[in-house]
Amino acid sequence: MTQETGGFAAFNLNPNILAAVAATGYEEPSAIQQQSIPIIMAGHDMIGQAQTGTGKTAAFALPILHRIDPAKREPQALILAPTRELALQVATAFETYAKQMPGVTVVAVYGGAPMGPQLKAIRNGAQIVVATPGRLCDHLRRDEKVLATVNHLVLDEADEMLKLGFMDDLEVIFKALPATRQTVLFSATLPQSIRAIAERHLRDPQHVKIQTKTQTVTAIEQAHLLVHADQKTSAVLSLLEVEDFDALIMFVRTKQATLDLASALEAKGYKAAALNGDIAQNQRERVIESLKDGRLDIVVATDVAARGLDVPRITHVFNVDMPYDPESYVHRIGRTGRAGREGRALLLVTPRERRMLQVIERVTGQKVAEVRLPDAQAVLDARIKKLTNSLTPLVADAESTHGDLLDRLIADIGCSPRALAAALLRKATNGQALTLAAIERDRPLVPNSAPRERSERSGDRPDRGDRERRAPVALAEGRARCRTALGARDGIAAKNLLGAILNEGGLAREAIGRIQVRDSFSLVELPEDGLEKLLAKLKDTRVAGKQLKLRRYRED
């Protein structure tokens, strides 16, 4: 009997696993799968550097399932994920690949669901446990031996776990696991904090790194639009008038922005909802299900809240707020154009964010074309087309069903048929402007697309003293501005400060506001609530080998 050597069969996986993989329609392993599966099957510790969308879930799920003993009714593999959505996504993948493996059970352990059934499933012998760190620690406090039989550990999206403040929880979990376990760590980036974890908890790990920066976004039509910060909502509403979308996700930086923008969209008649870290788990699930089945068309989300979101209906992504780094941009627009589907991504860029746009283009290797706001004529045409489409199906039998009523209304009101029709149209459109002049009056202001010449001419460039003295921009409500003596001359960039504060401060990414790096100091916007406690927590934090020493900045 000749054995197949191509595709997944080349890994010599359990035939039942291969059958499940074939049933999903996958034929050829991705790059991360080709390199990772043999290493994990051989029992080695591993560090995998790969972005979302590269097939990394199957890269660890398939070899771990191969090494599971269905006859042993006890936890054998633990997969840690940063969010509930990702944990559910990974658990579903394991269940799919284990469909033809009788006796193999998977349990998802996450906050927002009753603890009792989760702990019972573990004690009843679920071999695969997929968990968020916080909830798993809750279970360990109830039963410290619950992980005693685990011999495979996977940290999925480890960098996100640290950004969400799970470092202490991870240390608790490591101590509860057998020292002889196999440990596999996947992370999109490898900051020093991740390397430190690897040094402490992995044994001679093998490294796998997959470059997918352009591959992730090539199937998506990308464009950017220059807009003033205070005109973003108006710009979004203008774009929605002319964009032909099925479902759409909008990304903003803060929880409050999700609520404000979703409210503005609902006021205009769109079926929209917010998705952020403060929304209860059961409500978040309802939002995602509503987006899937068409009860919602638009979700306004923060980066963390959207992790694990995969809705086939999503045709458009609007980056209303600029992402903090190119990797976040790639992850965001990856919500559309998945599995070969077409997608369109629009990025709103304020004048001071042009440089980040250039960084995104350089990292992704793709030009993000500039588009203009739709002009008044395009908006008018779109509104009339929408009205025409809504009225066309009603015209066929309208005269027979409502003709007599029309005659009576004309007589009772004492007006012409044209005047009555116009009044009914005004009512049907809720007073929406359907003239060029009215639409032009409401259009948002658009900044000049060309960069200011002063920045290009060395003779007009402000000297260092001018740069140091320029006034900080106005603070958003609920934020405090803090200062560190570290600046550009110390080799510091905004991403260095952001990473250090996220990793050591235990904050969500959207909790941190604007970061301004000057020559001899930097300014960081942090939450006013709990600021002193946060600064104490960051007291010993070091960036580029130097102490951060953040303190509240008093503006005279």
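Details
- Model label points for Val172 and Ala9, set 7 angstrom from Cα along the Cα-to-Cβ axis, are 4.8 nm apart.
- Anchor Lys367: lysines whose Cα lies under 17 Å away (excluding residues fewer than 8 positions away in-chain): Lys213
- Cross-link reach list, lysines versus Lys209, counting only Cα pairs under 16 Å and skipping chain neighbours closer than eight places: Lys56
- A simple spin-label model places pseudo-atoms 7 Å from Cα toward Cβ; at Ala23 and Asp381 they are separated by 5.0 nm.
- With neighbour counts taken as other beta-carbon atoms within 10 Å, the residues Met115, Met46 rank, fewest first, as Met115, Met46.
- q = 0.13, 0.14, 0.16 Å⁻¹: log10 I(q)/I(0) that the Debye formula gives for the range 215-374, counting C-alpha atoms only: -0.55, -0.64, -0.85
- Karplus (6.51, -1.76, 1.60) ³J(HN,Hα), θ = phi - 60°, over the range 513-520, in Hz, Gly and Pro reported as x: x, 5, 10, 10, 9, 9, 4, 10
- Positive dipole terminus of the chain, leading residue within Gly487, Ala398, Ala264 (C-beta point charges): Gly487
- Annotation: for a label point projected 7 angstrom from Cα along Cα→Cβ of Ala196, residues of the range 521-556 with backbone N closer than 20 Å are 533-551.
- Coupling constants for the range 352-361 follow from the phi torsions by the Karplus curve (6.51 cos²θ - 1.76 cosθ + 1.60, θ = phi - 60°), and in residue order they are 7, 9, 4, 5, 5, 4, 5, 5, 4, 5 Hz; glycine and proline get x.
- Given their separation in residues at 0.36 nm each and the Cα-Cα distance between them, Asp230 and Glu532 gain 105.7 nm when the chain is fully extended.
- Extension gain for Lys268 to Ala219 (0.36 nm times residue separation, less C-alpha to C-alpha distance): 14.5 nm.
- For Val154, the residues whose amide H sits under 5 Å from its own are Leu78, Ile79, Leu80, Val184, ignoring neighbours fewer than 5 places away on the same chain, with H placed 1.01 Å from N.
- Estimated from the Cβ-Cβ distance and a Förster radius of 56 angstrom, the FRET efficiency linking Asp540 and Glu342 is about 0.65.
- Residues whose amide H lies under 5 Å from that of Leu296, counting only those 5 or more places away or on a different chain, are Leu291; hydrogens are built 1.01 Å from N in the peptide plane.
- Its relative contact order, with pairs defined as Cα atoms under 8 Å and 6+ residues apart, puts the chain at 13 percent.
- Degrees, to the nearest 10: 232-242 long Cα axis against longest axis of the chain: 70 degrees
- 22 Å Cα-Cα reach of Lys145 towards lysines, excluding residues that sit fewer than 8 places from it in its own chain: Lys72, Lys120, Lys175
- For the chain, the share of DSSP beta bridges that are antiparallel, to the nearest 5, is 20%.
- Spin-label pair Arg362/Asp69, simplified geometry with 7 Å Cα→Cβ offset, distance in nm: 5.4 nm
- Exposure proxy ranking, count of Cβ atoms within 10 Å, fewest first, for Arg355, Arg335, Arg253: Arg355, Arg253, Arg335
- Residue-normalised convex hull volume from the C-alpha trace of the chain: 214 Å³ per residue.
- Full extension of the segment from Arg418 to Arg554, taken as 0.36 nm per residue of separation minus the current Cα-Cα distance, would add 42.5 nm.
- Among the trypsin sites (Lys or Arg not before Pro) in the range 152-234, those located in a DSSP loop and surrounded by at most 13 other Cβ atoms within 10 Å of their own Cβ are Arg203.
- 11 Å reach of a label modelled at Arg355, 7 Å along Cα-to-Cβ, counting backbone N of the range 513-556: 516-519
- With at most 11 other Cβ atoms within 10 Å, longest stretch of the chain clear of loop GluC sites (Glu not before Pro) (DSSP): 28-341
- Scanning residues 5 or more positions from Ala480 or on other chains, those with amide H under 5 Å from its amide H are Leu526, Glu528, with H placed 1.01 Å from N in the peptide plane.
- Given +1 at the Cβ of Lys and Arg, -1 at the Cβ of Asp and Glu and no other charges, the dipole of the chain around its Cα centre is 1480 debye to the nearest 20.
Each value in this text was obtained by applying a stated rule to the coordinates, not by laboratory testing. If you're wondering where the values come from, they're calculated on a predicted model, not measured in any experiment. Heads up, the Cβs are rebuilt from the backbone with ideal geometry, glycines too, and the neighbour counts pull from every protein chain shown.
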